[in-house]
Amino acid sequence: MQTVKWNEGVFTPSKIICVGRNYAAHIAELNNETPTNMVLFAKPNSAITESLKSEHLGEALHFETELCFLVKNKQLAAVGLGLDLTKRGLQSTLKEKGL
């Protein structure tokens, strides 16, 4: 499991909960439908890393800055910045298949 260092020590998140389709300009950029409600999805703890690579298996990674919130004991414990890396080609292929 990956750990996160913060001012109160080291914390091991069990998962990452993401909010998508909540930013109109990004929805338009990706030519997606605007949903009635934002989309929630999870990423595993293994998505957290301290190393950065701009490509994976020869495919460039698209990057976005994200606001991150650490919730501990059902309370907001910290706010930070995250870097979301996406394989746009793979994402588009999966989206075409309805995945």
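Within the stretch 34-62, being of a type in the set (D, E, K, R) and either touching a strand residue (DSSP E or B) at 6+ places or on another chain (Cβ under 6 Å) or modelled with pLDDT of 90 or more (or both) holds for one residue alone: 43.
Would you confirm whether or not the stretch 48-66 contains a residue that is assigned to a strand (DSSP E or B), farther than 18 Å from residue 95 by Cα and polar (S, T, N, Q)? Yes, that holds for at least one residue. Of the residues making up the stretch 68-99, just one is touching a residue at least 12 places away in the same chain (Cβ under 8 Å), under 22 Å from residue 31 (Cα atoms) and either exposed (fewer than 11 other Cβ atoms within 10 Å of the Cβ) or hydroxyl-bearing (Ser, Thr, Tyr) (or both), namely 86.
When residues in the stretch 9-23 are screened for being out of contact with any Lys or Arg (no Cβ under 8 Å at 6 or more places or on another chain), modelled with pLDDT under 85 and either within 21 Å of residue 73 (Cα to Cα) or loosely packed, with under 11 Cβ neighbours inside 10 Å (or both), 5 of them pass.
Exactly one residue among 76, 81, 85, 70 is touching a Pro at 6+ places or on another chain (Cβ under 8 Å) and part of a strand (DSSP E or B), and that residue is 70. With respect to residue 34, is the statement that it is out of contact with any Ser or Thr (no Cβ under 8 Å at 6 or more places or on another chain), among the hydroxyl-bearing types (Ser, Thr, Tyr), exposed (fewer than 10 other Cβ atoms within 10 Å of the Cβ) and in contact (Cβ under 8 Å) with a residue 12 or more places away in the chain true? So residue 34 passes the test. Here is a check on your reading of the model: is residue 65 among the polar types (S, T, N, Q), touching a strand residue (DSSP E or B) at 6+ places or on another chain (Cβ under 8 Å), surrounded by 10 or more Cβ atoms within 10 Å (Cβ to Cβ) and at pLDDT 85 or above? Answer is no for this residue. The number of residues in the stretch 9-31 being in a loop (DSSP other than H, G, I, E, B) and without any contact (Cβ under 8 Å) to a residue 12 or more places away in the chain comes to 3.
The values are calculated or read from the model by the stated rules, or taken from the named source; none is laboratory data. Bear in mind that the values here come from a model prediction, so they are computed numbers and not experimental data. All Cβ positions, even for glycine, are placed from backbone atoms using ideal geometry, and neighbour counts span all protein chains on display.
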